[in-house]
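Visitor: The structure under discussion is supplied below as C-alpha cells; questions concerning it will follow.
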Amino acid sequence: MSDVAVFTARHIERAVPPEVAVEAVREAFVAHARGDWTMPPKIYLTNYPAGDFRAMPALGGGHALLKWVTSFPGNLLRGLPTVSGAVLLSNAETGELEALLDAGAVTALRTGAAAVLAAEALGRKGADGATVIGAGANGKAVVRSFLSRGHLVSVWDIDKERARRAADDLGASVADSRQKALSADIVVTVTPGHEVLFSTGSLQPGQHVSLMGADGPGKAEISTGELVRTRSPLVDRPAGDVTRDRDPHVRLFCDEWEQASHSGDIARGVESGQIIREDVTQLGAVLAGDAPGRRSPDDITIFDSTGLAIQDLAIAIACVERSGLMDVPRLLL
C-alpha cells in the first residue's frame, strides 16, 4: 500500500507562491534543454466543440508524473472551471505513488511562471510593464506571477467587469482599451484561442508577446501571416539570400518544438511549410545560455506556449518538498 499525499488547490497555492514557481519552472526548462528531464508530447483526446482531454507524462528530478487535465472553455457559462483534472506524482526509483494534486492549480502556477520567464528572457530591456489579455484563472495566475517579480501589470478582458474584479483583487490596473492592451511593450494572451488577436503587421518593433492560450489543435491567437512576416522593402538582404524573405526582426520561440509544431500557434505555419525547425528557438535553450534570445531593441519576439509536462513536474515536486508545515490529507492506496 502507498501513503499518498492529497494536495487541493488551497494546499498548492500555500506551498508554492508564484515567485517559487517561477524559479522551479526555470530549472525545469534548463533540465529539459540539457536532456536531464524528459517527456513525450502531450496526447489529446478531443470532444470538440465542447473541449478536450489531455494526458501528459514526464520524468525528472527523481520523480515521474502523469497529468490528466481538461480544457472546456464553455464551462464558464456553467459556473464550472475551464481547466480541471488530476496530477499523479510517483517515485521514479520504486514506482510508488507519492502525491495526488489538483491539476487546475498546478496548471495556473506553471502558466504564470512560463509567461514571466519568456517575458524576462525575450522582452526589451526597459519595457514599460506588461498587459495580460484574459482574466480567467490562468490569466490571473499570470498577473500574480508578474507582480511577484515587481513588474507593473495591466489587465484586459472582453468582459470588462471581470477585468475590473481581477485587477482590484490582485493589485493591477485595467487597460484603457483592447487596442492599447495589444500595443503594450509586453503582451501575454491567455484566451480560449478562438479569436486571432494579432493580425499580419500588427506587432510593432520592440514588442514581445507570449501566446499562452492556443495550446491545442484548431486554436489561434495570432495570424500565420504575422508569424512569417516578410522583410520590409527597406531592409537589405544579405548577399546570396534569395530563398528566405523573412523579416529578420520577427523572432520565433516556443516551449518545445515537437509539441508546439503540432498543437501551438506555429503549427499552421509548419503544416503549410512556411515555418521550419530552424526558424524557432526553444525557450529552455535561451534560459540555459545555449541560444540567443532578443538580439536588438527592434526585434519582435513571439513565444508560443503549449504547456509542458516538465513544468507541471516542477510545480508538483516543489509542492511536495515545501509541504512539511502543512496539514495535508493522506490516502492509503
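Visitor: If amide H atoms are built 1.01 Å from N in the plane of the peptide, which residues on other chains or at least 5 residues away come under 5 Å of the amide H of Cys254?
Guide: Hits under the 5 Å cutoff: Thr281, Gln282, Leu283, Asp304.
Visitor: Using the Karplus curve 6.51 cos²θ - 1.76 cosθ + 1.60 with θ = phi - 60°, what ³J(HN,Hα) values do you get for each residue of region 221-229, in whole Hz, with x for Gly and Pro?
Guide: 10, 9, 6, 4, x, 6, 5, 10, 3
Visitor: Show me the trypsin sites (Lys or Arg not before Pro) within region 255-297 that DSSP assigns to loop and that have at most 13 other Cβ atoms within 10 Å of their Cβ.
Guide: On the way: sites: Arg268, Arg277, Arg294, Arg295; in loops: Arg294, Arg295.
Loop-located and lightly packed - Arg295.
Visitor: Fewest to most neighbouring Cβ within 10 Å: what's the order for Met326, Met212, Met56?
Guide: Met326, Met56, Met212
Visitor: Of the listed pairs Lys42/Lys160; Lys125/Lys180; Lys67/Lys219; Lys67/Lys125; Lys67/Lys180, which have alpha-carbon separations greater than 30 Å here?
Guide: Numbers: Lys42/Lys160 34 Å; Lys125/Lys180 20 Å; Lys67/Lys219 21 Å; Lys67/Lys125 36 Å; Lys67/Lys180 37 Å.
The answer is Lys42/Lys160; Lys67/Lys125; Lys67/Lys180.
Visitor: Also, quick follow-up: Would you list the membrane-span-like helices of the chain, meaning whole DSSP H runs whose alpha-carbon atoms span at least 24 Å along their axis and whose mean Kyte-Doolittle value is at least -0.5? Kindly include the intermediate steps, with their values, before the conclusion.
Guide: Working: long enough: 103-122 (28 Å, 1.29).
Length and hydropathy pass: 103-122.
Visitor: Oh, and also: For Asp327, Asp185, what ranking results if the residue with the fewest other Cβ atoms within 10 Å of its Cβ goes first? Write out the running numbers ahead of the final one.
Guide: Details: Asp327 7, Asp185 17.
In increasing order of surrounding Cβ atoms, one gets Asp327, Asp185.
Visitor: Moving to a separate point now. Normalise the Debye intensity by I(0) for the chain, one equal point scatterer per Cα, no solvent, then take log10 at q = 0.09 Å⁻¹ and round to two decimals.
Guide: -0.45
Visitor: Calculated from DSSP H runs of 4 or more alone, at -39500 (n - 2.57) each and per residue, what is the 222 nm mean residue ellipticity of the chain, nearest 500? All intermediate terms of the calculation are to be shown ahead of the outcome.
Guide: Values: 12 runs with 109 residues, N = 333.
Only helices count here, giving -9500 deg cm²/dmol.
Visitor: Quick one: among Pro57, Pro205, Pro18, which has the greatest mean-square fluctuation in a GNM of the chain with alpha-carbon springs under 10 angstrom?
Guide: For the chain, modelled as a Gaussian network with Cα springs under 10 Å, the answer is Pro205.
Visitor: Who wins for biggest fluctuation among Val132, Val270, Val22 in a Gaussian network model of the chain, springs between alpha carbons below 10 Å?
Guide: Val270
Visitor: Please state the shape class of region 125-306: rounded when a/c is under 1.5, otherwise prolate if a/b exceeds b/c and oblate if not, all from the C-alpha gyration tensor.
Guide: Details: a/c = 1.81, a/b = 1.63, b/c = 1.11.
It comes out prolate by the Cα gyration axes.
Visitor: Let me ask something else. Tell me which residues come under 5 Å, amide H to amide H, from Ser2 once H is placed; ignore anything under 5 positions away on its chain.
Guide: Answer set, sorted by chain and number: Leu333.
Visitor: Karplus couplings for region 183-199 from phi (6.51 cos²θ - 1.76 cosθ + 1.60, θ = phi - 60°), rounded to Hz, Gly and Pro as x?
Guide: 9, 5, 4, 10, 10, 10, 9, 10, 10, x, x, 8, 9, 6, 8, 10, 7
Visitor: Also, quick follow-up: Assigning unit charges at the beta carbon (Lys, Arg +1; Asp, Glu -1) and nothing else, what dipole magnitude in debye, to the nearest 20, does the chain show about its Cα centre? Walk me through the intermediate numbers first.
Guide: Values: 33 positive and 42 negative charges, 113 e Å.
Approximately 540 debye in magnitude.
Visitor: Would you look at the GNM of the chain, springs on alpha carbons closer than 10 Å, and say which of Leu76, Leu227, Leu109 moves the most?
Guide: Leu76
Values quoted throughout were computed directly from the atomic coordinates according to the rules given, and no laboratory measurement underlies them. Because the structure is a prediction, the values reported are computed rather than measured. Cβ sites come from the backbone with ideal geometry, for glycine too, and all protein chains shown count toward neighbours.
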